[in-house]
1. Residue 141 passes all but one of (1) over 17 Å from residue 325 (Cβ atoms); (2) within 16 Å of the ligand (Cβ to nearest atom); (3) surrounded by fewer than 24 Cβ atoms within 10 Å (Cβ to Cβ); which number fails?
2. Residues to consider are 322, 272, 279, 287; find the one that is in contact with a Pro (Cβ under 9 Å, 6 or more places away or on another chain) and in contact (Cβ under 8 Å) with a residue 24 or more places away in the chain.
3. Find the residue count for segment 186-227, including only residues that are part of a loop (DSSP other than H, G, I, E, B), open to solvent by less than 40 Å² (accessible area, probe 1.4 Å) and more than 17 Å from residue 257 (Cβ to Cβ).
4. Pairs needed: first member in segment 225-254, farther than 25 Å from residue 72 by Cα and more than 12 Å from the ligand (Cβ to nearest atom); second member anywhere, open to solvent by less than 40 Å² (accessible area, probe 1.4 Å) and among the charged types (D, E, K, R); C-beta distance under 6 Å; at least 6 residues apart or different chains.
5. Look at residue 72 and say whether it is of a type in the set (Lys, Arg) and over 26 Å from residue 323 (Cβ atoms).
6. Just for segment 103-125: of the residues that are more than 15 Å from residue 22 (Cα to Cα) and open to solvent by less than 10 Å² (accessible area, probe 1.4 Å), which one is nearest to the ligand (Cβ to nearest atom)?
7. Those residues that are hydrophobic (A, V, I, L, M, F, W, C) and not in a helix (DSSP H, G or I), I need them from segment 241-266; list them, please.
8. From 66, 73, grab the single residue that is surrounded by 19 or more Cβ atoms within 10 Å (Cβ to Cβ), within 16 Å of residue 23 (Cα to Cα), of a type in the set (Ser, Thr, Tyr) and under 20 Å from the mean Cα position of the chain (by Cα).
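The values are calculated or read from the model by the stated rules, or taken from the named source; none is laboratory data. All values derive from a computational prediction rather than experimental measurement. Every residue, glycine among them, receives a Cβ derived from its backbone with ideal geometry; neighbour counts consider all protein chains shown. Keep in mind that these areas ignore ligands, DNA and RNA; they rest on the heavy atoms of the full protein, side chains included. Shrake-Rupley method; radii C 1.70, N 1.55, O 1.52, S 1.80 Å.
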Amino acid sequence: MRVGVLTGGGDCPGLNAVIRAVVLKGIETHGWEIYGFRSGWRGAITGEGRWLTRDDVEGILTRGGTILGSSRTNPYTEDGGVEAIKAVLAEKGIDALVAIGGEDTLGVANRLTEEGIKVVGVPKTIDNDLGATDYTFGFDTAVHIATEAIDRLHTTAESHHRALVVEVMGRHAGWIALHSGLAGGASVILVPERPFSVDTVVEWVTRRFEREYAPIIVVAEGALPEGGAEVLQTGEKDAFGHVRLGGVGTWLADEIAGRTGKESRAVVLGHTQRGGTPTAYDRVLATRFGLHAVDAVADGDFGVMVALRGTDIVRAKLAEATAELKTVPPQRYAEAEVFFG
Ligand code: F6P
């Protein structure tokens with residue numbers, strides 16, 4: 001059997017661990033040939049990539065990024081994209097695909113399944129916003145990086161009696177903000193799921209200053225003020241219709257400074273949250289996802305995504321996993337609110 005593997009969308013730590021598991025189990029257990037497509041769906045359209053060997057995956061478990069490269073190419077917005085994929089698979093004799101990605105990559109995987117292409121999905125994203133799985137790999141590492149940053153910012157904020165606003169990624173979901181804010185003891189956590197009142201934020205910040213502590217405000221890049229809109233870096237849309245978020249941290253820091261008279265600065269963590277070595281948790285999760293994706297291919301169970309439920313890896317329909325974003329529920333945000341101010 002010949003199996004293609006690709007990584008699409010924004011990279012995240014753990015991608016190489018999945019590739020390694022797919023290659024080693026595919027070759028060693030099943031005697032398959034594994035083709036690594038270059039740069040996500042772009043490689044599947046052009047055929048660019050290479051047959052992977054044991055040597056290709058030696059020493060990559062701990063490496064961030066992806067040895068295959070990634071892109072936000074959408075075959076459904078490329079002229080003849082889907083037909084080109086079918087032709088590439090036929091030409092290379094590839095029977096099935098393992099697509100490692102988030103809502104966009106797996107949304108494409110779902111549509112390709114409906115067109116008869118055999119695909120198994122693996123849920124990746126630092127945003128943790130994919131349905132049908134408790135966690136995506138990459139999220140734990142991003143939370144660790146953000147938490148470490150918050151820990152460091154506490155001490156410098158206190159030395160200078162400043163408010164520090166930490167802007168984290170997550171697109172339209174507040175998972176990274178919620179978890180890193182809770183872990184880092186933030187004074188305020190702002191998430192896209194709950195538009196915030198600047199007045200209330202200022203009250204919390206003031207209360208914190210009154211207790212002789214410097215406030216740390218963790219704000220998700222997609223968070224928005226009540227009655228306002230998300231702050232965009234650019235209005236330009238990618239091939240999946242996403243705008244580039246960013247800037248709410250700086251905006252909020254200026255608001256806080258203006259209203260409290262206290263010095264207030266913004267720190268944007270940006271792509272540091274996506275880079276570098278994965279945590280042990282993500283290495284294990286990504287490895288298990290890769291192994292179970294191979295099992296799904298071996299069972300001929302396509303149109304599914306491997307998913308984490310509790311401590312078990314299960315299979316969920318791609319259609320179910322990509323139907324809607326998994327956002328922070330009100331009760332999870334309420335837990336964090338206890339610590340605000
Ligand atoms: O989906 C992962 C993510 O890092 C989001 O948190 C963020 O909004 C987006 O990707 C940034 O994408 P890019 O690296 O293409 O600007």
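1. Failing condition for residue 141: (3).
2. Values: 322 fails: in contact with a Pro (Cβ under 9 Å, 6 or more places away or on another chain); 272 fails: in contact with a Pro (Cβ under 9 Å, 6 or more places away or on another chain); 287 fails: in contact with a Pro (Cβ under 9 Å, 6 or more places away or on another chain).
On inspection, the qualifying residue turns out to be 279.
3. Step one: filter segment 186-227 for residues part of a loop (DSSP other than H, G, I, E, B), giving 186-187, 191-195, 197, 211-215, 221-224, 226-227.
Still in the list and also open to solvent by less than 40 Å² (accessible area, probe 1.4 Å): 186-187, 191-192, 197, 214-215, 221-224.
Okay, now just the ones that are also more than 17 Å from residue 257 (Cβ to Cβ), so 186, 191-192, 197, 221-224.
Counting residues in segment 186-227 that are part of a loop (DSSP other than H, G, I, E, B), open to solvent by less than 40 Å² (accessible area, probe 1.4 Å) and more than 17 Å from residue 257 (Cβ to Cβ) gives 8.
4. Close Cβ pairs (under 6 Å, with a partner that is open to solvent by less than 40 Å² (accessible area, probe 1.4 Å) and among the charged types (D, E, K, R)) amount to 249/167.
5. Numbers: of a type in the set (Lys, Arg): yes; over 26 Å from residue 323 (Cβ atoms): no.
Taking the combined requirement at face value, the residue does not satisfy it.
6. Our first condition is that a residue be more than 15 Å from residue 22 (Cα to Cα); within segment 103-125, this holds for 103-118, 125.
Pick out the ones that are also open to solvent by less than 10 Å² (accessible area, probe 1.4 Å) and you get 105-106, 108-109, 112.
On the way: 105: 10, 106: 12, 108: 15, 109: 16, 112: 21 Å.
Looking at residues that are more than 15 Å from residue 22 (Cα to Cα) and open to solvent by less than 10 Å² (accessible area, probe 1.4 Å), I get 105.
7. Narrowing segment 241-266 to residues hydrophobic (A, V, I, L, M, F, W, C): 243, 245, 248, 251-253, 256-257, 266.
Residues satisfying the conditions are 243, 245, 266.
8. Details: 73 fails: within 16 Å of residue 23 (Cα to Cα).
Sole residue among the options that is surrounded by 19 or more Cβ atoms within 10 Å (Cβ to Cβ), within 16 Å of residue 23 (Cα to Cα), of a type in the set (Ser, Thr, Tyr) and under 20 Å from the mean Cα position of the chain (by Cα): 66.
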